[in-house]
1. Among residues other than I140 whose Cβ falls under 12 Å from its Cβ, what is the net charge (Lys/Arg +1, Asp/Glu -1)?
2. Determine, from the Cβ-Cβ distance of I262 and I107 and an R0 of 25 Å, the FRET efficiency 1/(1 + (r/R0)^6), rounded to the nearest 0.05.
3. How high is the FRET efficiency between K2 and V99 when r is their beta carbon distance and R₀ equals 51 Å, given to the nearest 0.05?
4. Per 0.36 nm of contour for each residue apart, how much would the distance between Y134 and D59 grow if the chain were fully extended, relative to their Cα-Cα spacing?
5. How far apart, in nanometres, would the label points at V248 and E175 be if each is projected 7 angstrom from Cα along the Cα-to-Cβ direction?
6. With +1 assigned to the C-beta of every Lys and Arg and -1 to the C-beta of every Asp and Glu, and no other charges, what is the dipole magnitude of the chain about the Cα centre in debye, to the nearest 20?
7. In a shell of Cβ-Cβ distance under 14 Å around L216, excluding L216 itself, what net charge do Lys and Arg (+1) and Asp and Glu (-1) give?
8. For L183, project a label point 7 Å along Cα to C-beta. Then give me every residue of region 15-31 with its amide nitrogen under 18 Å of that point.
Amino acid sequence: MKYNFLRYPGGKTKAVTFSYDDGAAADMRLAETFTKYNLKCTFNLVGLSVERENGLSVDFIKNEILGKGHEVANHGYNHRAQNKIRSLEGVREIVDCRVALEKALGIIIRGFAYPDSIPKKSTEPNNFERIKHYLPDLDIVYARAAGSPSDKFPLPDDWYDWQPTAHHEAPDLFETIDKFLELDVSKLYIAARDPRLLYIWGHAFEFDRNNNWERLEKICESLSGRDDIWYATNIEIYDYVNAYRSLVFSADNTRVYNPTLIEVWFDIDGKIYNIKSGETLELR
Ligand SMILES: [Zn+2]
């Protein structure tokens, strides 16, 4: 064996995910559009707004977001920037939001999107390293940032600094999408055949403000319905990648055991394997 690469469900090399913030009324149209195109989105909701049903009703979130396979993640109880408040307040923002959303929706929430700012650039009164330090203790497993657009489509190497590919208003968005769609991982140099992820983020109310909902339709049309793409929420990607990383190999790489509950695909030197939950597989 030379290299072993993660492959998404079905042996796919590409995944697409969306992440939209704040849960305004415009998110209704957004959710319905993603559902119409069989795309998956993570909705980062504000605890207080959900409690007050300010923007989205609890019924809508349950039926049209969670019920259609989208994810709800934490965006702070009052939508306060983590780097602009003390650690104690930052912790409380996240815990209060979790409690509010979990109580209203009957789910368990592990995802987070940083509200209002780019924590990496922060210095006072809180800083990125301190924020990242307490997130795991709050059972937050990933946190989406926003600030370093990239057309390399990597999976995050730091789950607490998960950088999207682009905002939906990015001027070169459709060039980026074309580049992603045209990418053939199997034709790249043997050490560069990592799985790829296209990650688009934004706010639904921006489509209202800019009066350009047709842009969303165009994004969805260009990305949907492709056999070579896995459409997943942020937490589905996190859980899948961690299942892959939990595989247990024999010393000589001829045997692998899957201790997780998730069926996992991987590529060894161009051959695709899949291993079911609890299975031990001989690699030949
Ligand atoms: Zn926000």
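1. +1
2. About 0.85, to the nearest 0.05.
3. Computed FRET efficiency for K2 and V99: 0.60.
4. Length difference between fully extended and current span is 23.8 nm.
5. Once both label points are built, they end up 4.9 nm from each other.
6. 520
7. Charge balance near L216 sits at -3.
8. Inside the label zone: 15-19.
Where a number appears in this text, it was derived from the coordinates with a stated rule and is not lab data. Worth saying up front: this structure is predicted, and the values here are computed from it rather than measured. Cβ atoms come from the backbone with ideal geometry, glycine included; neighbour counts cover every protein chain shown.
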